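K.L.:
Dumping the structure here so I can ask a few things about it.
Derivation of every value follows stated rules applied to the coordinates shown; laboratory data play no part. All figures in this text were calculated on a predicted structure; none of them were measured in a lab. Please note: Cβ atoms are built from the backbone with ideal geometry, for glycine as well, and neighbour counts cover all protein chains shown.
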Amino acid sequence: MRIFCPRTVRQLPKIVSSCPHSPHTFLRIRAKPQHYRPVSTSASTNLNSDPICKGKVGASSLAGKKCLVTGASRGIGKAIAERFAKQGARCVLVGRSHATLEGVRGELECFDGKSHDIVVGDVGDAKFWEGFRRVRDIDILVNAAGVTHHSPCVLTSENVIEEVLRTNLLGTMLGCRTVGKGMMANRDGCIINVASLLGLKGGRGSAAYVASKAGVIGFTRALAAELGEKQVRVNVILPGYIETDMTAGMAPEARSAALNAIPLKHFGQASDIADAAEFLATNKYANNCVLNLDGGLSAT
């Protein structure tokens with residue numbers, strides 16, 4: 001199968017956050033209009049013997065599965081894609097940066113030499129998903145793409161509110177709608193959405209982000225009820241503070257306050273979220289799970 005990238009990526013506003021409350025990774029949007037050729041999915045050289053390639057494929061019920069992961073360029077999305085590839089799955093990596101996705105694909109192909117696909121585009125754009133309308137072989141969909149913004153709601157522009165909701169909530173809904181049709185036809189499939197603890201707890205200075213993630217949680221529950229009879233399982237992961245590029249840049253006082261609020265007294269790792277994603281992808285009775293991974297922060 002050859003997957004074609006959208007011919008253009010429209011210019012989007014720059015959204016940059018210093019928000020200490022947003023608990024998982026985000027995209028800094030600096031996209032410029034570009035033209036992309038179809039992305040080849042031809043197999044690359046087997047790199048099993050390369051000493052820089054770490055990890056190996058293990059026996060897993062993910063072997064032979066095809067997984068589409070949005071937000072796969074970095075952070076949580078990348079960690080999930082890496083885990084699935086290590087467990088024998090073939091991944092379709094979705095993100096905004098062709099160069100970054102190529103790097104991730106190269107890392108994944110270290111594990112077993114299998115080819116993985118990349119697709120560049122904007123998940124919040126309905127036209128992007130048109131290229132997947134006839135795709136019926138996706139076994140697992142992971143919606144991990146997201147943006148965040150930090151400012152009081154009354155000081156947040158309409159454009160920023162729209163962009164956060166469009167990427168985080170609408171992008172998730174469009175992906176589920178498009179890929180879910182094929183899963184329903186196959187009477188098998190798994191959808192894993194990545195929301196945030198803030199979608200339950202709320203938080204100051206990130207109202208648009210909180211609203212988008214609360215929407216993802218509610219949407220997941222509704223979709224689990226709608227698709228369950230077709231044997232399509234839908235679940236959502238709620239990360240707390242996870243060690244990513246964003247949390248690495250937190251001000252010392254903000255980081256200290258966050259650590260003190262977490263009963264386990266440390267941040268999670270992206271691999272912890274990948275653990276949860278692997279469980280949800282392989283447990284056949286997991287449906288409508290709202291899985292907190294926050295070190296106990298939600299109990300405080």
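K.L.:
Would you mind checking the pairs Lys86/Lys265; Lys65/Lys284; Lys78/Lys230 and listing those with alpha carbons more than 18 angstrom apart?
P.N.:
Result: Lys86/Lys265; Lys78/Lys230 exceed 18 Å.
K.L.:
Residues with beta-carbon under 13 Å from that of Pro239, excluding Pro239: net charge, scoring Lys, Arg +1 and Asp, Glu -1?
P.N.:
Residues near Pro239 contribute -2 overall.
K.L.:
Per-residue counts of other Cβ atoms within 10 Å, averaged by peptide: what ranking do you get for 167-177, 75-85, 195-205, highest first?
P.N.:
Going by the mean number of other Cβ atoms within 10 Å, highest first, we get 75-85, 167-177, 195-205.
K.L.:
What order, most packed first, do the peptides 181-191, 233-243 have when packing is the mean number of other Cβ atoms within 10 Å of each residue?
P.N.:
233-243, 181-191
K.L.:
Using only the Cα atoms of the stretch 66-299, each taken as one equal point scatterer with no solvent, compute I(q) by the Debye sum, divide by I(0), and report log10 of the ratio at q = 0.17, 0.18 Å⁻¹.
P.N.:
These q points yield log10 I(q)/I(0) values of -1.31, -1.46.
K.L.:
I'd like to know how the stretch 169-223 sits against the 2.2 N^0.38 Å rule of thumb: what's its Cα Rg over that expected value?
P.N.:
So the stretch 169-223 has a normalised radius of gyration of 1.28.
K.L.:
Treating the beta-carbon of each Lys and Arg as +1 and of each Asp and Glu as -1, no other charges, what is the dipole magnitude of the stretch 166-300 about its Cα centre, to the nearest 20 debye?
P.N.:
Here the stretch 166-300 has a charge dipole of around 460 debye.
K.L.:
Here is a follow-up. Given 0.36 nm per residue, what is the gain on full extension from Lys181 to Glu162 after removing their alpha carbon distance, in nm?
P.N.:
Result: 4.2 nm gained on full extension.
K.L.:
Compute the distance in nm between two label points, each set 7 Å from the Cα along the Cα-to-Cβ direction, one at Ser256 and one at Ser271.
P.N.:
Using points 7 Å along Cα→Cβ, the separation is 2.9 nm.
K.L.:
To continue, here is another question. Based on the mean of other beta carbon atoms within 10 Å per residue, what is the order of 139-147, 104-112, most packed first?
P.N.:
Answer by packing, highest mean first, reads 139-147, 104-112.
K.L.:
If you take the beta carbon distance between Ser61 and Asp245 as r and set R0 to 30 Å, what does 1/(1 + (r/R0)^6) give as a FRET efficiency, to the nearest 0.05?
P.N.:
0.40
K.L.:
I've got another one for you. Projected onto the charge dipole of the stretch 82-122 (+1 at Lys/Arg Cβ, -1 at Asp/Glu Cβ, origin at the Cα centre), which of Ser97, Val120, Gln87 gives the Cα projection farthest towards the positive end?
P.N.:
About the Cα centre, the residue reaching furthest to the positive side is Gln87.
K.L.:
Expressed in nm to one decimal, what extension gain is obtained for the pair Ala126 and Glu229 from 0.36 nm per residue of sequence separation less their Cα-Cα distance?
P.N.:
Full-extension gain reported as 34.4 nm.
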